[in-house]
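Encoded as structure tokens, the structure appears first; notes follow it.
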Amino acid sequence: MNRPYAGGCACGAIRYEISAEPVFSNHCQCRDCQQASGTGHGSYLTFAGRADVTLTGTAKERDIVADSGNVKRHGFCPGCGSPVYLTFAAMPDLFTIHAASLDEPARFTPQVVTYASRGHAWDRLDPALPQFETMPPG
């Protein structure tokens, strides 16, 4: 078995451990991710199987409607406010974590930049990464 991905919020009230490898990792420059991160983009790892995720603690959640029209649910710590994960109503088996919530953030290796059309000139990301104006096709 590979070493699990582990992490959680800043105060430790919410923790996760994921025994699978991510199927997608990205920097997202959409406006929602900018607001959630407080900077020019969010960085994420997405896993395909909820059965591979162990989550402890109780997150506060808020729903938003994504550009696709689907509901995206943000999970964050009610105590320290740290963003921890995302889930998607249209794809209930996916579980996405914020790269900064990892115990070892260096394990994050972005594959692409999504919503590059909404990026800011001051938010310079690796120019070698493939960039998509919105979300790439599935």
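The values are calculated or read from the model by the stated rules, or taken from the named source; none is laboratory data. Every value quoted in this text rests on a predicted model; they were computed, and no experiment measured them. Cβ placement follows ideal geometry from the backbone for every residue including glycine, while neighbour counts extend to all protein chains displayed.
If you scan region 20-54, which residues turn out to be among the polar types (S, T, N, Q) and touching a strand residue (DSSP E or B) at 6+ places or on another chain (Cβ under 8 Å)?
Matches in region 20-54: S25, N26, Q29, Q34, S37, S43, T46, T54.
Does region 105-125 hold any residues that are in contact with a strand residue (DSSP E or B) (Cβ under 8 Å, 6 or more places away or on another chain) and in a loop (DSSP other than H, G, I, E, B), and which are they?
F108, T109, P110, Q111, Y115, G119, L125
Looking only at residues that are among the aromatic types (F, W, Y) and crowded, with 19+ Cβ neighbours inside 10 Å in region 58-107, which one is farthest from M135 (Cα to Cα)?
F76
Counting just the residues of region 115-137 that are among the hydrophobic types (A, V, I, L, M, F, W, C) and within 16 Å of C33 (Cβ to Cβ), which one comes out surrounded by the most Cβ atoms within 10 Å (Cβ to Cβ)?
The residue in question is A116.
Residue by residue, here is whether (1) under 21 Å from N2 (Cβ atoms); (2) modelled with pLDDT under 95 holds:
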residue	(1), (2)
A36	no, yes
Y44	yes, no
D52	yes, no
L55	yes, no
C77	no, no
M91	no, yes
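Applying the selection to region 26-69, what residues are among the polar types (S, T, N, Q), farther than 19 Å from L94 by Cβ and part of a loop (DSSP other than H, G, I, E, B)?
Matches in region 26-69: Q29, T39, T58.
Is it true that N26 is touching a Ser or Thr at 6+ places or on another chain (Cβ under 9 Å) and surrounded by fewer than 12 Cβ atoms within 10 Å (Cβ to Cβ)?
It is false that N26 is touching a Ser or Thr at 6+ places or on another chain (Cβ under 9 Å) and surrounded by fewer than 12 Cβ atoms within 10 Å (Cβ to Cβ).
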